[in-house]
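Structure, as structure tokens:
The values are calculated or read from the model by the stated rules, or taken from the named source; none is laboratory data. Given the structure is predicted, the values throughout are model-derived calculations rather than measurements. Using ideal geometry, Cβ is built from the backbone for each residue, glycine included, and neighbour counts are taken over all protein chains shown. The protein model used for the area step is the full one, side chains on, heavy atoms only, and it has no ligands, DNA or RNA in it. Shrake-Rupley method; radii C 1.70, N 1.55, O 1.52, S 1.80 Å.
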Protein chains: 2
Amino acid sequence: MQSYTEENYLKVIYHLSEISHPVQTNAIADRIQTKAASVTDMIKKLSEKELVHYVKYQGVTLTEKGKLTAINIVRKHRLWEVFLVDKLNFKWDEVHEVAEELEHIQSNLLIERLDEFLDYPKVDPHGDPIPDKNGNFAEMTFVKLSKLKNGDKGNITGVSEHSSPFLKHLEKLGLTLGKRVEVIDVVEFDGSVELLLEQEKLNISREVAKHILITKN
Amino acid sequence: MQSYTEENYLKVIYHLSEISHPVQTNAIADRIQTKAASVTDMIKKLSEKELVHYVKYQGVTLTEKGKLTAINIVRKHRLWEVFLVDKLNFKWDEVHEVAEELEHIQSNLLIERLDEFLDYPKVDPHGDPIPDKNGNFAEMTFVKLSKLKNGDKGNITGVSEHSSPFLKHLEKLGLTLGKRVEVIDVVEFDGSVELLLEQEKLNISREVAKHILITKN
DNA sequence: TTCTTAATTTAGACAAATCTAAAAATAATT
DNA sequence: AATTATTTTTAGATTTGTCTAAATTAAGAA
């Protein structure tokens, strides 16, 4: 069993691993609001417990054991977020801090029952995927935004057009990678799409919609 | 704000205060699974924070501030227990440990929303009362067990007959102070009462039932 | 009252997680 | 390649909560 603090380190290393490999000491220090020296100390400890691979001055990567632990914390965090939004009517931007605490509650039974109670959600309120109890993420597939129907929700995960004018246009609209959108209406007349992006309405042309890739969920 | 550990001490002192006043160092040490020396240290700290009144060798009592803090933790503990039993189908004897962790989650919004979601329960699954957010407990009144109807539940809070044979009889049946009972059936023929006590059926005569006091809830 | 026992407190040490300041290693720049 | 800058690590100190062992106080018994 790991301490609250160890769990936080593992979780942060897991998230940072998606950006850079291996993860640097300073990157962890920034995220955890601590100093590089403290990170080094903790990394040594995690390394002794075989939760991370660590080579001096080279940064860390999670071991299989560490990764599974981290994914389990992510699972708990996201399930609690669903609970807070779906059952307790929290807004999607109010849930993070509370979930940061709830994710450390130790009880497998609790989490399995919560999962069942929430009807086995596949994504959290931000659209991030919820791994199952074995640490597996459901396979996700890209769909063109132009293929979505009214009420469909998903996250922007890529584009199929890489020209600078197009990307600048998206940037200006706020349609950046990872953002979550909901289709409010597909206008029959011109095929343009009415979206909800961070509580704001937005209309984009069918041409634009055709080149935005969405992971539906 | 208090630490996890400080909260636990306050909670334990609160519960022990109902038995003896002031609370002794050793009593706390037993409950918290620690040593008397550690308790002394912590008590000094709580005393400096004005959460307890402390006189050397005389034990501790909670200050008003300490009491309110403790009651708030009890409130959270009991609300979570209701959640676990009512929503996640935990059995009443499986909830304690998990609630011991959940009670320390810091978020007033969370607790108010949980309270609402559970429809403002007045008692936890063991029949213990849940204080409101201001620390007030709902007024409770005694009723003779013989006055209860089918399906009524409550806790044994006293007797109106203090003879030794009677008390020994109750002891043998397991009908001790604080125990929770549910009336399954009042037999019309002789007025005897069929009870559920810790998942076990039990029949007691009307004479016995007349002298057991219940706080209904 | 005096002796004995039990409860409590002090003193000093320890583990976990953190910090500051200085040293060492790596990366970037000229 | 040499120098500078950045990153990382070490060494030693600090805080929180705990411990053991010894000293002190209170309570009970003779």
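Only one of the numbered conditions (1) farther than 23 Å from B:Ile214 by Cβ; (2) of a type in the set (A, V, I, L, M, F, W, C); (3) in contact (Cβ under 8 Å) with a residue 40 or more places away in the chain is violated by B:Phe83, and that is (3).
Among the residues making up the stretch A:138-154, those that are surrounded by fewer than 16 Cβ atoms within 10 Å (Cβ to Cβ) and either assigned to a helix (DSSP H, G or I) or among the polar types (S, T, N, Q) (or both) are A:Thr141, A:Lys147, A:Asn150. Cβ separations smaller than 6 Å between residues 6+ apart or across chains give the following pairs from the stretch A:101-128 residues that are surrounded by fewer than 19 Cβ atoms within 10 Å (Cβ to Cβ) to residues that are among the small types (Gly, Ala, Ser): A:Lys122/A:Ala138.
Cβ-Cβ distances below 6 Å connect the following pairs, each with a first residue in the stretch A:146-172 that is within 15 Å of A:Asp185 (Cα to Cα), a second residue that is of a type in the set (Val, Ile, Thr) and crowded, with 16+ Cβ neighbours inside 10 Å, and a separation of six or more residues or different chains: A:Leu148/A:Val183; A:Asn150/A:Val183; A:Asp152/A:Val183; A:Gly154/A:Ile214; A:Gly154/A:Thr215. For the stretch A:160-179, the candidate set comprises residues that are open to solvent by less than 60 Å² (accessible area, probe 1.4 Å) and under 15 Å from A:His126 (Cα atoms); within that set, the residue that is farthest from the chain's Cα centre (by Cα) is A:Leu175. Scanning the stretch B:93-113 for residues that are assigned to a helix (DSSP H, G or I) and at the interface with chain A (Cβ under 8 Å from one of its Cβ atoms) gives B:Glu97, B:Val98, B:Glu101, B:Leu102, B:Leu109, B:Leu110, B:Arg113.
Screening the candidates B:Asp119, B:Asp86, B:Asp41 for the property of being among the charged types (D, E, K, R) and more than 27 Å from B:Glu139 (Cβ to Cβ) yields one hit, B:Asp41. The set of residues in the stretch A:8-67 being more than 23 Å from A:Glu101 (Cα to Cα), within 14 Å of DNA strand C (Cβ to nearest atom) and either within 14 Å of chain B (Cβ to nearest Cβ) or assigned to a loop (DSSP other than H, G, I, E, B) (or both) consists of A:Ser20, A:His21, A:Pro22, A:Gln24, A:Lys49, A:Lys56, A:Tyr57, A:Gln58. Going by what's in this entry, would A:Ser107 be described as over 19 Å from B:Lys87 (Cα atoms) and not charged (D, E, K, R)? Considered against the rule, which asks whether it is over 19 Å from B:Lys87 (Cα atoms) and not charged (D, E, K, R), A:Ser107 comes out as no. What pairs can you find where one residue is in the stretch A:32-57 and within 10 Å of A:Tyr9 (Cα to Cα) and open to solvent by less than 70 Å² (accessible area, probe 1.4 Å), the other is more than 7 Å from DNA strand C (Cβ to nearest atom) and among the aromatic types (Phe, Trp, Tyr), and their Cβ atoms are less than 9 Å apart, with a gap of 6+ or different chains? Once the first residue is within 10 Å of A:Tyr9 (Cα to Cα) and open to solvent by less than 70 Å² (accessible area, probe 1.4 Å) and sits in the stretch A:32-57, its partners that are more than 7 Å from DNA strand C (Cβ to nearest atom) and among the aromatic types (Phe, Trp, Tyr) give A:Ile32/A:Tyr9; A:Val39/A:Tyr9; A:Met42/A:Tyr9; A:Ile43/A:Tyr9; A:Ile43/A:Tyr54; A:Leu46/A:Tyr9; A:Leu46/A:Tyr54.
Residues in the stretch A:68-92 that are of a type in the set (D, E, K, R) and away from chain B (no Cβ under 13 Å) were compared, and the one that is least open to solvent (accessible area, probe 1.4 Å) is A:Arg75.
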